[in-house]
1. Compute the distance in nm between two label points, each set 7 Å from the Cα along the Cα-to-Cβ direction, one at N143 and one at E216.
2. Tell me which residues come under 5 Å, amide H to amide H, from G20 once H is placed; ignore anything under 5 positions away on its chain.
3. Leaving out ligands and nucleic acids, note down the accessible area per residue over the chain with a 1.4 angstrom probe, in whole Å².
4. Cα axis of helix 142-157 to longest principal axis of the chain: angle in degrees, 0 to 90, nearest 10?
5. Summarise the accessible area of the stretch 99-159 (1.4 Å probe, protein heavy atoms) by the percent that is carbon and sulfur.
6. With equal scatterers on the alpha carbons only and no solvent term, can you work out the Debye log10 of I(q)/I(0) for the stretch 1-98 at 0.13, 0.14, 0.18 1/Å?
7. Can you tell me the orientation of helix 50-64 relative to the chain, as the angle in degrees between its alpha-carbon axis and the longest Cα principal axis, to the nearest 10?
8. Could you work out the relative contact order of the chain, using alpha carbon pairs under 8 angstrom and six or more residues apart, expressed as a whole percent?
Amino acid sequence: MENMRKYGKAPFAVAVIHGGPGAPGEMAAVAEELSRTWGVLEPLQTKSSIKEQLQELKVTLHKNGSLPLTLIGFSWGAWLSFLFAARNASFVKKLILVSSGAFEEKYALDIMRTRLSRLAEEERMTIDSLSEILNDPGRQDKNKIFAQLGELILKADSYDPLPYISDVIEYQYDIFESVWNEAEDLRSSGKLVAFGRQIQCPVVAIHGDYDAHLAEGVKTPLSSVLKNFRFILLKDCGHRPWIERAAKDAFYTILKKEL
């Protein structure tokens with residue numbers, strides 16, 4: 001898999017950073033919309049550790065981008081962009097965090113409980129079954145199972161979604177498992193949010209009020225460590241603002257204003 005796609009024309013001063021980990025391509029629609037005005041890079045994470053993903057991102061942006069860039073990180077990509085901005089100040093003009101995961105563990109304890117409460121009993125049983133399969137070291141089709149689980153999670157995370165076809169190129173469970181274990185350790189240790197003290201650029205967080213990842217888990221921790229931070233809450237909006245019927249237009253209006 002190529003580790004980068006380009007949209008629009010140079011200069012490429014905006015980059016969208018996908019989530020997952022292990023869900024490359026999911027921000028294609030956002031990149032396409034923004035490319036009507038800006039040159040946009042879509043780096044695709046191919047490495048299996050946070051250190052390697054940060055280095056891969058640095059090489060990709062240095063080679064293809066017009067530095068410094070505005071990074072738009074979604075979900076896990078918000079964390080990766082946050083860590084990148086802390087370590088590479090000269091690369092980042094502005095940081096936009098979209099639907100970020102909570103930066104402190106105490107805000108993340110009820111995420112799965114919230115999701116399950118939004119699904120039918122049969123769907124909850126399917127999630128349990130798929131999760132058990134992913135924990136089986138002998139299974140060989142984990143990417144397929146991971147994709148099925150992702151579709152159910154998307155349903156639980158959405159408020160009122162428009163018809164939507166996934167842009168994910170390939171679900172990669174091995175990358176998810178390896179990187180997410182590292183990421184959870186960073187959060188639980190308090191090191192994740194502490195990286196904010198090294199960030200010099202302005203930071204804007206955009207979050208849906210229906211997102212199972214609690215808005216307070218982003219707003220409160222980051223307000224305490226960032227020098228230049230704003231938080232924007234979108235009404236009637238789940239985890240992916242660009243597919244939400246009530247929030248899509250507001251999301252793009254805000255995003256474009258921030259660029």
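1. 4.1
2. The answer is W76, G77.
3. Working: 11970 Å² over 259 residues.
I get 46 Å² per residue for this part.
4. Roughly 80 degrees between the two axes.
5. Numbers: 1750 of 3590 Å².
Roughly 49 percent, rounded to a whole number.
6. Debye intensities relative to I(0), on a log10 scale: -0.35, -0.41, -0.70.
7. The answer is roughly 40 degrees.
8. Working: 518 pairs, mean separation 56.3, N = 259.
The value is 22 percent.
The values are calculated or read from the model by the stated rules, or taken from the named source; none is laboratory data. Just so you know, these numbers come straight off a predicted model, no measurement behind them. Neighbour counts run over all protein chains shown; Cβ positions are idealised from the backbone, glycine included. Only protein heavy atoms, including side chains, enter the accessible area calculation; ligands, DNA and RNA are left aside. Shrake-Rupley method; radii C 1.70, N 1.55, O 1.52, S 1.80 Å.
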